[in-house]
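For reference, the structure discussed in these notes is given below.
We did not get these values from a lab; they are worked out from the coordinates using the rules stated. All values reported here derive from a predicted model rather than from experimental measurement. Please note: Cβ atoms are built from the backbone with ideal geometry, for glycine as well, and neighbour counts cover all protein chains shown.
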Amino acid sequence: MRTVRVPIFLALFLSGLGVAGAQTWTPLANQPPFSAGNPLLLTDGTVIAHATCAPEWWRLTPDGNGSYINGTWSRIASLPDGYGPLYFASAVLPDGRVIVEGGEYNFCQAVWSNRGAIYDPVANSWSSIAPPSGWSTIGDAQGIVLANGTFMLANCCTTETALFDSKKLTWTPTGAGKADVNDEEGWTLLPNGHVLTVDAYVFSYDPAGTNSEIYDPSSGTWSSAGSTLVQLWDSYPSASRASYELGPAVLRPDGTVFATGANGGPNASGHTAIFDSHTGIWTAGPDFPSGLDIADGPAALLPNGNVLLEASPGIFKKGAKFFEWDGFSLFAVPGPAPAKTGASYIGNMLVLPTGQILWTDLNGNAYVYSSSGSPNPAWAPRIQSGPPVTNISRGNTYRIAGFNFNGFSQGAAYGDDAQAATNYPLVRITNHGTGHVFYARTHDHSTMAVASPELASTRYDVPAGMEVGLADLVVVANGIASAPITVNVQ
């Protein structure tokens, strides 16, 4: 539980730690005309973002050359009447629809809402979803799309979890054996399809406060994943109870999860821990410097395998700083200009198809981060071999198959307040003659598993209005593109 955290417009000051390198932040040429939160990448290559504490959503469309920096905003359909959440669960489903659930606030009033809705981007419409049976709260809950494509949701304030049937719009209970309540925890999808979480509460079973848990979808149960060795949560007392905060946890291509701590402040620095998904062993990571921590805040996996992180000088304190984790050390990188007077909790990150990171805060600012380095070629999607030139027709739907279509990670993490996973394939088509970029909407992905060695597939709809002629077609996952195949758009 936080005190009310609603947007206050920030002055623009130069930020960053002055570290030399190729990392750059670029403001969007067209800043969002609303308080942008929870950006999500649709499977047609556009980004949608929520207007904080309101029903409105907006769409960011890249320009004709595929640039999000030069993209434009437009209004899309609003949430059902009476639903204007802040801090809620969100995900893009395998069929391309978007689900949002709960809200710690509704129209900026603390209510721990149990409302939810699903967005159809083809029809541009939202429909209400009834909560799981008996749930009076969902609140700032975590949600995740499992490897089999099923969306799983937490009740923020109990140990309850439920699975969503996206066709029937119904819920089934799951998650027996959860050791503590879900509040303030985040979920990370592992290569074996299990889900990792770090407990945020201390009970008699865990006097050291370092327990973690694993959810097994095959049994629908939670069990201990061992000690994180260092305490990652920290308490933020409210009038009614102590609410414990955590930072994001991101899976890297080497199979390790970098989990960040919220226990910094004037006299301490936030701890980190590393979970090896191959061995199931935790090791302690480096502390953040100078009393920094991530008590709620974003992180994102860069195409080069590093993790970009936003930290603050103590719980909810202003003066955010940015770091990259390369698997061996944390090193400081510049931050976007408005972050100097903001805290980590108002930031959100989204991995774009270009390999850049979109950063938004709740104050109407949006920047794009471009990192140095290149991805390992082994991480790129690989399209299954086909004819030298494939003929495709505008307005038609096709199936494409290959490997690494879902990337090696969910891509971005925050925790219980926002989720922006991008572990699904996009299809980008670039016309040879004009260089113009088009995205074919993908849907009905065969899997949502990360780091899977299995053949995967998706269906894509060739835009009816795209340019004809020879073009390069690539599959993109988490900002990493496959080698192109040549298609003839008819």
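Treat the count of other C-beta atoms within 10 Å as a stand-in for reagent exposure and order F88, F151 from fewest to most. Present the calculation step by step, with values, prior to reporting the outcome.
On the way: F88 29, F151 23.
By the 10 Å Cβ count, ascending, the order reads F151, F88.
How many angstrom lie between the C-alpha centres of region 280-307 and region 467-490?
Rounded to whole Å, the Cα centres lie 34 Å apart.
Rounded, prolate or oblate: which fits region 24-370, taking a ≥ b ≥ c as square roots of the Cα gyration tensor eigenvalues, rounded meaning a/c under 1.5, else prolate when a/b beats b/c?
Values: a/c = 1.45, a/b = 1.09, b/c = 1.32.
Note, shape of region 24-370 comes out rounded.
When the dipole is taken about the Cα centre of the chain, and only Lys, Arg (+1) and Asp, Glu (-1) are charged at their Cβ, what size is it in debye, to the nearest 20?
On the way: 21 positive and 37 negative charges, 207 e Å.
Value, rounded to 20: 1000 debye.
Which lysines, on any chain, are close to K340 with Cα under 30 Å apart, when same-chain ones fewer than 8 places away are left out?
Filter leaves K317, K318, K321.
Just order 138-150, 444-456 by mean Cβ neighbour count inside 10 Å, highest at the front, would you?
Details: 138-150: 23.4, 444-456: 19.2.
Packing proxy ranking, top to bottom: 138-150, 444-456.
Please order E185, E213, E310 by the number of other Cβ within 10 Å, starting at the fewest.
Details: E185 25, E213 21, E310 31.
Neighbour counts put them in this order, fewest first: E213, E185, E310.
Among G402, L189, L163, whose Cα projects farthest towards the positive end of the dipole of the chain, with charges put on the beta-carbon of Lys, Arg (+1) and Asp, Glu (-1)?
Going by the Cα projections, it comes out as G402.
Between E56 and F328, how high is the FRET efficiency from 1/(1 + (r/R0)^6) when r is the Cβ-Cβ distance and R₀ = 30 Å? Nearest 0.05.
On the way: r = 43 Å, r/R0 = 1.43.
The formula returns an efficiency of 0.10 here.
Would you order K318, K168 from fewest to most other beta-carbon atoms within 10 Å of each residue's own beta-carbon?
Details: K318 15, K168 7.
Going from least to most buried by this count: K168, K318.
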